[in-house]
């Protein structure tokens, strides 16, 4: 069968992509225009928490699409009210503001913190973030990032984001000054190569920010919605932040994100913030069924167990090939390769029908669907084993 012709040059060339066009997805698998099937352990960078085109989400979207797409954010709509209430009921927060993407949610959290500083801390505006952090691609969120590749881009950046070192509480304390209003971090730095903040560090950070009257913001765009085996990653440390952002998995594959805040931190006034499509009923209907499914204790326990299974298989694979550590939590894991062969592994795996991600040249990041099966894990490990063997043999010949 001959695949259709696609004009790739009609899209702006902003990232390297293989010349494959995906046309269908089902659970852990994608199918391209030539009919070839791929096992997907990227899942849209942890977006498709229930796999590709899950019936739960598809049915919710189809039903809502026949009822109401959007009445504009100037009016209430039922799905957004129901999803907001469910998020509050399942978290330590009191209020929710919906956005379309994680970057927009983090932008909203930054604005909220700066408004809090204007009202309650004499105009304080600085938000301490961390080296290696990734918070999005708006101008403010790129400024908040600790990603070295962003430093020369789109200057001048938005000021007010001094960088501390992850898991070093003294480095945070040194940066606190009269202009500090908040500290913002990811429970696990995904783009940096899956580097977790330790539970002890999160507890120390919560104690420090509370003692200094600062807000604690957790960016759970990647770690939220069950990804770590709890509904939200910070729950492992037993802390209660002031602001949390959600994205990726909350929509189960559709563009939905949110800012959650305690009543004390929620200080936007009318006109301060808005989003044309934020909280539209179509996306919120999808988010509601995703949340209701993931919040079930047996589902979360199953994710944690599957994460331990995947971690164990990766550790055995690492030992077999003389690789490095396995990092992360739940179903957000990294395999340290020990040398800069990440791009080669990803390319070889693609040829063998497996989608992987290398956030850094020396590591792989695995973000399968949260309902990935033992059989699919075994299939991934088998393909990756062959790929690593092939690359190892090539190095020996060279």
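Which residues, taken from the stretch 165-217, are touching a helix residue (DSSP H, G or I) at 6+ places or on another chain (Cβ under 6 Å), crowded, with 23+ Cβ neighbours inside 10 Å and more than 23 Å from residue 118 (Cα to Cα)?
Once the filter is applied, which keeps residues that are touching a helix residue (DSSP H, G or I) at 6+ places or on another chain (Cβ under 6 Å), crowded, with 23+ Cβ neighbours inside 10 Å and more than 23 Å from residue 118 (Cα to Cα), the stretch 165-217 yields 187, 202.
On the basis of being over 18 Å from residue 247 (Cα atoms), assigned to a helix (DSSP H, G or I) and assigned by TED's automatic domain parsing to the domain that holds residue 260, does residue 9 make the cut?
In short, no.
With surrounded by fewer than 21 Cβ atoms within 10 Å (Cβ to Cβ) and in contact with a strand residue (DSSP E or B) (Cβ under 8 Å, 6 or more places away or on another chain) as the only criterion, which of 295, 304, 343, 334 stands out?
None of the other options fit; the residue is 343.
Yes or no: residue 3 farther than 30 Å from residue 274 by Cβ, loosely packed, with under 14 Cβ neighbours inside 10 Å and at pLDDT below 95?
Yes, satisfied.
Restricting to the stretch 78-125, give me the number of residues that are closer than 16 Å to residue 241 by Cα and free of Cβ contacts under 8 Å to residues at least 12 places away in the same chain.
Residues flagged as closer than 16 Å to residue 241 by Cα and free of Cβ contacts under 8 Å to residues at least 12 places away in the same chain within the stretch 78-125 amount to 1.
Confirm whether residue 158 is in contact with a strand residue (DSSP E or B) (Cβ under 6 Å, 6 or more places away or on another chain) and within 19 Å of residue 134 (Cα to Cα).
Answer is no for this residue.
Residues that are free of Cβ contacts under 8 Å to residues at least 40 places away in the same chain and within 16 Å of the chain's Cα centre (by Cα), at least 1 per element: which helices (runs of 4 or more DSSP H) completely within the stretch 131-225 meet that?
In the stretch 131-225, 139-144 are the helices (runs of 4 or more DSSP H) which contain 1 or more residues that are free of Cβ contacts under 8 Å to residues at least 40 places away in the same chain and within 16 Å of the chain's Cα centre (by Cα).
Would you call residue 117 in a loop (DSSP other than H, G, I, E, B), buried (at least 16 other Cβ atoms within 10 Å of the Cβ) and in the same structural domain as residue 158 (by TED's automatic domain parsing)?
On the way: in a loop (DSSP other than H, G, I, E, B): no; buried (at least 16 other Cβ atoms within 10 Å of the Cβ): yes; in the same structural domain as residue 158 (by TED's automatic domain parsing): yes.
No: the conditions fail for residue 117.
For the stretch 6-58, what are the residues that are closer than 21 Å to residue 384 by Cα, over 24 Å from the mean Cα position of the chain (by Cα) and loosely packed, with under 14 Cβ neighbours inside 10 Å?
Correct list: 36, 37.
Go through the stretch 252-270 and count every residue that is more than 18 Å from residue 89 (Cα to Cα), touching a strand residue (DSSP E or B) at 6+ places or on another chain (Cβ under 9 Å) and crowded, with 23+ Cβ neighbours inside 10 Å.
2
Take residue 63 and tell me if it is within 15 Å of residue 289 (Cβ to Cβ), surrounded by fewer than 17 Cβ atoms within 10 Å (Cβ to Cβ) and at pLDDT 95 or above. Write out each step before concluding.
Working: within 15 Å of residue 289 (Cβ to Cβ): yes; surrounded by fewer than 17 Cβ atoms within 10 Å (Cβ to Cβ): yes; at pLDDT 95 or above: yes.
Judged against the criteria, residue 63 is a match.
Select, from 281, 297, 368, the only residue that is more than 22 Å from the chain's Cα centre (by Cα) and modelled with pLDDT of 95 or more.
281
On the given criteria, is residue 16 over 23 Å from residue 281 (Cβ atoms), free of Cβ contacts under 8 Å to residues at least 12 places away in the same chain and not assigned by TED's automatic domain parsing to the domain that holds residue 284?
yes
Tally time: how many residues in the stretch 273-289 are in a loop (DSSP other than H, G, I, E, B), in contact with a strand residue (DSSP E or B) (Cβ under 6 Å, 6 or more places away or on another chain) and at negative phi?
So the answer is 2.
The values are calculated or read from the model by the stated rules, or taken from the named source; none is laboratory data. Remember, it's a predicted structure, so these values are computed and weren't measured experimentally. For neighbour counting, all protein chains shown are included, and Cβ atoms are generated from backbone atoms with ideal geometry for every residue, glycine included.
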